[in-house]
Amino acid sequence: MKGKLYLLMALFFFCHTIQAQNFNRETFHQGTQKDLNSPTAENSTGYSGTGANINVVYHRINWTVDPRTPTNIITGTVVTYFKTIAANVSSITMDLHSNFNNGSLSITYHGTPCTNSFTGKIVTITLPSTIAAVNTLDSFVINYSGVPPVASGPAQGYQRSGTAPNQYTGSLAESYEDRDWWPCKADMQDKIDSMDINVTVPWVNNANGDTFWVATNGLLYDSAINAGTRTFKFKTRYPIASYLVTLSVGKFTRYYRNVNISGTNVPVVYYILRNTANHATKTAAMDKINVALDTLSRKFGDYPFKLEKHGFYDGLVGAGGMEHQTFSAMASGSMSNLGVLVHELMHQWFGDNVTFATWNDLWLAEGPARYSEALAAELVPALGYSAASVHTIKSNLKTAALGLSAQSAWIPNSSMGTSALIWSSNYGSTVYERGGMVISMLRALSGNAKFYEAMTNYQTALAGKSATTDSLKNHFNAVLGVDISEFFKDYVGGSGSGAAAVGGVGNPINVVNWNTPATNKLILQMGTQTKTAGNNVSYFNGPVVVHATNAATGWTSDTTIVFYDWGGLMSYAGNGVSVPVANFVSYDLSFTPTHLFYDDSARTLSTGSTNKLTTLVADLSDFTAYRTATGNQINLSTTYNEPVEKVILLKSANGTDFSDIGLMNKTNTSGAKSNFQFNDVSPFSPVTFYRAKIYTAGREEYSVIVKVQPSENTGLAISPNPAKDVVNINFDNKERAKAVIRVTGADGKIVIESSTNNNFIHFDVSSLPAGIYMVQVTRPGELTTSAGKFLVQH
């Protein structure tokens with residue numbers, strides 16, 4: 001009865017998918033070209049180097065499996081459709097273990113036998129005729145039969161498990177074991193666009209349902225019974241990496257659910273081995289994950305494979321879970337573990353839908369999945385976690401990441417050539433723990449709205465494709481409007497293939513200085529940064545999180561503050577990242593803090609402390625530079641709680657490499673306010689950047705960076721000036737990129753902030769008090785500002 005019911009459900013799902021995607025049994029996609037959305041996109045093929053002259057388009061696979069055979073034999077026919085990406089293709093290489101280099105192996109091209117030869121785990125197929133033209137659609141057929149290699153450490157491949165009468169087979173191909181049991185092009189940059197998978201297994205019409213079923217990717221649309229066998233037919237029409245293809249044959253009890261994602265009822269299936277205990281406990285846990293499926297779809301974009309299915313199946317050996325596309329394999333003991341279930345679910349977006357281009361960037365899959373264990377615990381009440389439990393998950397993640405400071409989340413070439421090199425080393429942990437903390441920091445610095453926007457953009461723009469670390473970085477830069485490349489360099493350590501990490505090793509130990517110069521006022525300043533031993537980073541640029549309270553314990557008022565440390569300058573963060581404002585940031589709060597705790601919410605990959613000072617910079621109210629007939633005029637107006645000893649002006653042609661050009665002249669002092677001036681008679685062409693180094697009581701502090709270039713290039717014009725009701729600000733923005741415009745008062749407080757893709761903006765200033773106001777305009781990717789000022793008169 002259950003078998004008939006499942007067949008009816010499968011046929012319904014199949015008909016629905018055909019209507020939605022307009023596919024039939026013989027159609028397939030016409031080749032996905034590589035697109036890593038990155039200026040450093042990988043141009044090579046996968047690590048084994050196979051299939052360099054073709055793009056794989058489609059596989060039609062027929063497998064025959066009987067878990068009762070003592071030798072774990074697998075027999076298959078794999079039809080591969082491909083497009084040539086080079087001229088005069090006379091031979092093609094594919095990944096396949098030499099265990100199948102036996103008398104059963106035959107390869108044909110349009111019915112004509114091909115010669116073949118093996119080098120290690122690569123088979124070279126010599127075609128009987130040359131394919132002359134690029135972009136030719138063609139095919140070949142591989143028939144094979146044999147016994148996959150036995151498991152060796154983390155290299156599992158395809159194995160038989162269980163004891164009679166409950167034997168079953170299952171696969172775990174990550175990282176390089178897809179070739180151990182089926183012929184493929186093991187290259188994440190050339191995903192298989194479409195597959196039909198047909199699996200023939202023994203069939204006995206047992207009244208207890210004690211018979212074999214098949215777990216694999218995609219949608220089941222048919223299961224024909226024929227003289228003691230049953231052939232299960234699946235199809236998937238989403239691009240898939242070869243290591244995410246799965247096959248398991250066992251005596252499963254099947255459970256069916258559905259989750260509505262944006263109006264589409266997504267089939268959800270659980271396969272639990274009949275002899276596994278506690279089915280009710282396991283299905284109850286997986287039912288909770290369906291709520292997480294809905295929640296994550298709302299945060300990161302619709303579940304990527306909603307026209308096929310989502311589910312979990314039992315019996316994985318060698319790991320707690322494995323994110324096979326549309327159908328994750330689970331160890332029996334993990335099927336009620338909410339953390340593992342959520343982790344594998346998150347992979348459907350990050351790892352399956354968007355796959356890393358090479359194993360160097362494995363953290364792009366494991367980092368988001370690891371962080372999702374804390375994220376889902378926080379966002380999904382149905383999972384039943386308390387606030388304390390969520391904090392414990394985050395703290396444990398941070399502690400684990402800090403304990404792995406000797407390796408980066410990014411994997412160098414020398415440590416990613418085999419499964420043992422990855423999974424038997426610390427890299428098998430850093431991709432999870434340090435990778436998870438990178439995602440945590442991205443959320444901290446971006447704030448929820450911009451974090452979800454950037455992550456959603458990344459996985460929707462690259463749907464069905466591959467990515468490098470730079471791909472993710474570019475999407476965050478686009479959303480934030482500032483360039484945080486240094487953050488990725490310092491905390492991740494690389495992008496794409498490379499011999500050695502350029503960062504990502506070690507972590508910072510920060511001291512944050514603070515004071516409260518007035519009621520409900522908090523000023524923060526980076527004091528010092530030291531680093532753990534063995535680090536490879538000159539300075540860790542990134543988010544810093546502090547927690548301000550009105551008591552040491554049992555506080556009644558508190559707030560968590562995120563700022564961004566550029567290594568001298570600071571930005572407001574936590575709701576996007578502002579342009580660097582100065583070497584301090586100030587906040588108006590609803591209470592006066594008495595205590596400041598360093599990252600007690602476990603959001604960053606750093607440790608540190610706070611240091612309350614009796615005096616601290618209170619204000620940098622005005623730093624401007626503009627062209628005159630005799631050079632560039634630079635003006636600085638400061639208000640400090642202590643005397644300014646001297647100000648040195650720094651100059652740069654590129655905004656990065658600064659040199660001293662002399663002392664700024666003090667023009668007058670009135671109370672705590674000091675004014676300084678400098679005339680640069682030999683500015684750089686076409687643009688000059690300026691920055692002031694301010695000395696107070698033995699400390700060195702920096703201003704924002706401003707630039708001066710010919711008016712026809714900068715185009716920063718403010719009118720009318722003085723203004724009464726409306727001020728018009730025009731500036732250079734030929735690329736129509738998003739520019740951030742900030743207006744600050746004489747006290748340094750932001751009074752207006754907005755963004756636009758135009759080259760002008762209008763502000764209503766009628767409600768502003770009379771006085772002088774500063775304007776700063778920053779364009780994407782620039783750590784500099786164009787600055788000016790205007791006067792409001794009423």
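Per-structure values
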read-out: Net dipole in debye of the chain [+1 Lys, Arg Cβ; -1 Asp, Glu Cβ; about Cα centre; nearest 20]; value: 960
read-out: Karplus (6.51, -1.76, 1.60) ³J(HN,Hα), θ = phi - 60°, over segment 322-331, in Hz, Gly and Pro reported as x; value: 9, 7, 3, 4, 6, 8, 7, 8, 10, 5
read-out: Packing-based order for 402-412, 499-509, 626-636, using average beta carbon neighbours within 10 Å, highest first; value: 402-412, 499-509, 626-636
read-out: For segment 397-488, convex hull of alpha carbons as volume per residue, Å³; value: 109
read-out: Straight-distance crosslink candidates among aspartates and glutamates, where the alpha carbon sits under 15 Å from Lys673 and sequence neighbours closer than 8 are dropped; value: Asp619, Asp622, Glu642, Glu645, Asp747
read-out: Separation in nanometres of the label points that stand 7 Å from Cα toward Cβ, at Val291 and Asn265; value: 2.2
read-out: Whole-number percent relative contact order across the chain, with pairs defined as alpha carbons under 8 Å at least 6 apart; value: 8
read-out: Whether segment 375-440 is rounded, prolate or oblate, judged on the alpha carbon gyration tensor where a/c under 1.5 counts as rounded; value: prolate
read-out: Length added when fully stretched, Ala164-Glu700, from 0.36 nm per residue minus Cα-Cα; value: 185.4 nm
read-out: Identified option (computed mean projected area of the Cα convex hull in nm²; candidates [x] 38.0; [y] 41.8; [z] 44.5); value: [x]
read-out: Using alpha-carbon coordinates, inclination of helix 427-446 to the longest axis of the chain, degrees; value: 40
read-out: Computed FRET value (nearest 0.05) for Asn448 with Leu613, which takes r as the C-beta separation and R₀ as 45 Å; value: 0.90
read-out: Length added when fully stretched, Leu791-Val502, from 0.36 nm per residue minus Cα-Cα; value: 99.3 nm
read-out: Simple label model, 7 Å out from Cα along Cβ direction - Phe118 to Asn665, nm; value: 8.5
read-out: Rg/Rg_ref, segment 90-149, where Rg_ref = 2.2 N^0.38 Å and atoms are Cα; value: 1.16
read-out: 0 to 90° range, to nearest 10: angle between helix 448-461 axis and the chain longest Cα axis; value: 40
read-out: 17 Å reach of a label modelled at Asn99, 7 Å along Cα-to-Cβ, counting backbone N of segment 65-84; value: 65-77
read-out: Under Karplus coefficients 6.51, -1.76 and 1.60, residue-wise ³J(HN,Hα) of segment 362-367 in Hz, glycine/proline x; value: 3, 4, 4, 8, 6, x
read-out: Cβ-Cβ FRET estimate between Phe760 and Ser538, R0 fixed at 41 Å, reported to 0.05; value: 0.55
read-out: Linear extension gain, Thr594 paired with Tyr256, 0.36 nm per residue minus alpha-carbon span; value: 116.1 nm
read-out: Gyration tensor (alpha-carbon) shape descriptor, segment 151-295, a/c threshold 1.5; value: rounded
read-out: FRET efficiency estimate (nearest 0.05) - Cβ-Cβ, Ala461 to Asn275, R0 41 angstrom; value: 0.35
read-out: Spin-label pair Thr108/Ser685, simplified geometry with 7 Å Cα→Cβ offset, distance in nm; value: 7.5
read-out: Helical contribution to [θ] at 222 nm, DSSP H n ≥ 4, -39,500 (n - 2.57), averaged over the chain, rounded to 500; value: -6000 deg cm²/dmol
read-out: Among 112-121, 194-203, the order from most to least packed when residues are scored by Cβ within 10 Å on average; value: 194-203, 112-121
read-out: Ranked packing of 386-393, 142-149, most packed first, by mean Cβ within 10 Å; value: 142-149, 386-393
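Every number in this text was worked out from the coordinates using simple rules, so none of it is lab data. Fair warning: this is a prediction, and the values are worked out from it, not measured in the lab. Using ideal geometry, Cβ is built from the backbone for each residue, glycine included, and neighbour counts are taken over all protein chains shown.
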